[in-house]
Every structure is written in C-alpha cells, then in structure tokens.
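What follows is a short report on a single structure.
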Amino acid sequence: MKAAAFAYARATSVVNALELLAAHGDKAKVLSGGQSLMPAMNLRLLSPDIVVDIGGLAELRGFAVKGDVLVIGALTRHVDLLGSPEVALHAPLLRDAVAHVAHPAIRNRGTIGGSLAHADPASELPACVVALDATIIVRGPAGERRIAATRFFKGIYETALSPDELLVAVEVPVAGQGSTFFFQEYARRHGDYAIVGLAARAVVAGGRFTDFRLGFFAVGDRPLLATAADKLINASVTAVLLAEAATALADELDPQEDQQASPAMRRHLAAVLLRRCVAALLARPELEAGATR
C-alpha cells in the first residue's frame, strides 16, 4: 500500500516547525527519522494532511553534559547513541538498549525523539528514560515545558505532547558512584518487537540496593516503573524476599494477549527478568535460580 496524499513542508528552524504545527494542529505529523511514521502512513493507519520534516534541524542533534545531566537532542540517531562516548560513560543503559532496536538500517535513521514521541509500549527507549528518571523537554507556542518521563507516556502511541508542541531534547541524570545498569528483552528474533523487556538502573552499596528503578516494557499500554523494586531497596535480598517482589510485580502488570504471548506468559517472563536483573546487579548468581534461559 501507499500513503494517502499529503502536503510536505521542510522546517528551517524549530520556530518554523512550531509555526507549521500551530497552523495545522492535529492534522500535521512530524517527520524525524521516519522509521515509524512512514510505515504507518503506507498502511493508512495515519493520514495526515501535512508532514512537517524536522530532519534537517542540526540544533536538535547531539550530546552535551550540563552539570549533573546529559542532554541529548531529539534528532540524535540510534546509531549515534551506540557510538557516543558520552552515552557510554554517563548513560550506558541507552547504549545497551539501542543495540536491540530493530536492525542497522533502522538504527541509522531512527531518532531518540521519534521513538519517545511514537510511544510504542513495546519499544526499548521509553522504558529506559523511565528507568533513568529522565526529563523530556518539549517546546510549543507558550514556550518550553519539562515533563518527567514517568508522566510523559499516557497510553498506546499516546503522550503528554500537544499537537502544537515539539519534543526537542531529553535530559538524563549522569551515572553516579555505585550506579549499575541492566537491560534484557525477550523477542522471537533479534530486532523483532519485544515480548517482554526490562531496563533497570540501580545504586549498590555494601551488597544492597540503595536505589533501584525497574522499567518494564511490552507488559501494558505504556512503560511501567515497577513499584515492586521498593521491596528490595535497603534490604538484605533473599530468595524469599525476591519471590515476594516477583509476586508484587505480577500484580502490577497489565499485559495484553496477542499473537506473540499470553498475559500469563508475559507475567512469567517479567518475573524471570526481575530475578535475572537482581542476580546480575548484586553479583549473586544463586538468586537467579528458577529463571528460564
């Protein structure tokens, strides 16, 4: 299939892009990398009147460390996250996650801002920014808004962005002393949509978690910051306590049934990932007992 007829405008600046969005409202769609938008348009799942191409806006691309945050421009491509020394040092969870995103051709075009704005609940990067306690920076006619990642995702393909706003950057707290990370997902094949995935950030001291954030994806209509992690903070983690956390996690999840997995299977795999994550971050392999490989 091919997309329905649409007008095309190539924005010359962020201000120009915002003017175009203000003029056309929800009848406009923003084109950054295009790896989600164009297939949806070709399948007639989306039929915008106009596509606003922001791909040429160099001001929305790149990295900068400002104080205790790493600022990533919205047009920074997945491949740039993979190769960035700043990301490797300050936010290695993003590097680890992007390696699972689709295939090289997609990673060479797809952007972090496009992935977040698309808000696919099976996508890796939304879960990462939730786990990292990131802040999403958006700009609109009224100026700039800062939105916590935990409040940005509202449902399947739904975010806190207004039709006349543009996602311009992501701020990620830099990794501090004792910070450690975990990323893993289950998929039919590498590069396929995840069946269940987990992006986690922790601070470990004296063999205990002093901070622990679990960002699950493909288990509901948006990335989930699991409160089950709270049971494991400032506690001596035992197999019994970990089992209690896994039970609490299952109660939090709201997975859907589809051609890939049943809700029961997704709950089981999420518990497997929880055990595997805790065992890896605490360097206690005995806690992984019972996890499916």
* Do any residues in the range 261-287 that are in the same structural domain as ALA229 (by TED's automatic domain parsing) and closer than 15 Å to ALA248 by Cβ have Cβ atoms under 9 Å from those of residues that are among the charged types (D, E, K, R) and at pLDDT below 95, where the two are at least six apart or on different chains, and which pairs are they? -> ARG275/GLU288; VAL278/GLU288
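Looking at the structure I just gave you, is ARG208 of a type in the set (Lys, Arg) and within 23 Å of the chain's Cα centre (by Cα)?
Details: of a type in the set (Lys, Arg): yes; within 23 Å of the chain's Cα centre (by Cα): no.
Against the criterion (of a type in the set (Lys, Arg) and within 23 Å of the chain's Cα centre (by Cα)), ARG208 does not qualify.
Which of the residues spanning the range 134-164 are among the small types (Gly, Ala, Ser) and assigned to a helix (DSSP H, G or I)? Break it down into steps so the answer makes sense when it comes.
Pass one, the range 134-164, residues among the small types (Gly, Ala, Ser): 134, 140, 142-143, 148-149, 155, 160, 162.
Of everything in the range 134-164, just one residue is among the small types (Gly, Ala, Ser) and assigned to a helix (DSSP H, G or I), namely ALA149.
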* To do: Enumerate the pairs (first residue in the range 241-258 and assigned to a loop (DSSP other than H, G, I, E, B); second residue anywhere and surrounded by 14 or more Cβ atoms within 10 Å (Cβ to Cβ) and basic (Lys, Arg)) with beta-carbon separation below 8 Å, excluding pairs fewer than 6 apart on the same chain, so at least 6 apart or on different chains.
  => LEU253/ARG266; LEU253/ARG267; PRO255/ARG266; PRO255/ARG267
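Scan ALA127, ALA102, ALA88 and give me the residue that is part of a loop (DSSP other than H, G, I, E, B), closer than 27 Å to ASP192 by Cα and either in the same structural domain as ASP192 (by TED's automatic domain parsing) or out of contact with any Leu (no Cβ under 7 Å at 6 or more places or on another chain) (or both). Break it down into steps so the answer makes sense when it comes.
Values: ALA127 fails: part of a loop (DSSP other than H, G, I, E, B); ALA88 fails: part of a loop (DSSP other than H, G, I, E, B).
Of ALA127, ALA102, ALA88, the one residue that is part of a loop (DSSP other than H, G, I, E, B), closer than 27 Å to ASP192 by Cα and either in the same structural domain as ASP192 (by TED's automatic domain parsing) or out of contact with any Leu (no Cβ under 7 Å at 6 or more places or on another chain) (or both) is ALA102.
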* Asked: Out of all the residues in the range 67-92, which are in contact (Cβ under 8 Å) with a residue 60 or more places away in the chain and surrounded by fewer than 17 Cβ atoms within 10 Å (Cβ to Cβ)?
  -> ASP68, LEU89, PRO92
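Being acidic (Asp, Glu) and over 21 Å from the mean Cα position of the chain (by Cα) narrows it down to one of GLU158, GLU244, GLU165, so name that one. Outline the logic, then answer.
Values: GLU158 fails: over 21 Å from the mean Cα position of the chain (by Cα); GLU165 fails: over 21 Å from the mean Cα position of the chain (by Cα).
Residue meeting the stated conditions: GLU244.
Residues are listed down the side, and each one gets a yes or a no for (1) at pLDDT 95 or above; (2) more than 18 Å from CYS128 (Cα to Cα); (3) not charged (D, E, K, R):
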site	(1), (2), (3)
GLY191	no, no, yes
VAL196	yes, no, yes
ARG208	yes, yes, no
PRO223	yes, no, yes
ALA246	yes, yes, yes
ALA264	yes, yes, yes
ARG275	yes, yes, no
* Tally of residues being within 16 Å of the chain's Cα centre (by Cα), among the β-branched types (Val, Ile, Thr) and over 30 Å from ASN16 (Cβ atoms) across the range 168-198 -> 2
* Residues of the range 19-37 classified as over 24 Å from the mean Cα position of the chain (by Cα) and under 19 Å from ALA74 (Cα atoms), total -> 3
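Can you confirm whether the range 32-42 contains a residue that is hydroxyl-bearing (Ser, Thr, Tyr) and outside the structural domain of GLY114 (by TED's automatic domain parsing)? Even if it seems obvious, please write down each step before you answer.
The first filter runs over the range 32-42 and keeps only residues hydroxyl-bearing (Ser, Thr, Tyr), leaving 32, 36.
Remaining after also requiring outside the structural domain of GLY114 (by TED's automatic domain parsing): 32, 36.
Looking through the range 32-42, at least one residue is hydroxyl-bearing (Ser, Thr, Tyr) and outside the structural domain of GLY114 (by TED's automatic domain parsing).
When the range 38-56 is examined, which residues are found to be within 26 Å of the chain's Cα centre (by Cα) and among the hydrophobic types (A, V, I, L, M, F, W, C)?
Just the residues of the range 38-56 that are within 26 Å of the chain's Cα centre (by Cα), to begin with: 38-48, 51-56.
Passing the criteria: MET38, ALA40, MET41, LEU43, LEU45, LEU46, VAL51, VAL52, ILE54.
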* Asked: With respect to ARG188, is the statement that it is surrounded by fewer than 18 Cβ atoms within 10 Å (Cβ to Cβ), assigned by TED's automatic domain parsing to the domain that holds ARG267 and more than 15 Å from VAL272 (Cα to Cα) true?
  -> yes
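The values are calculated or read from the model by the stated rules, or taken from the named source; none is laboratory data. None of the values given here were measured: they were computed from a predicted structure. So basically every Cβ, Gly included, is an ideal-geometry build from the backbone, and we count neighbours across all protein chains shown.
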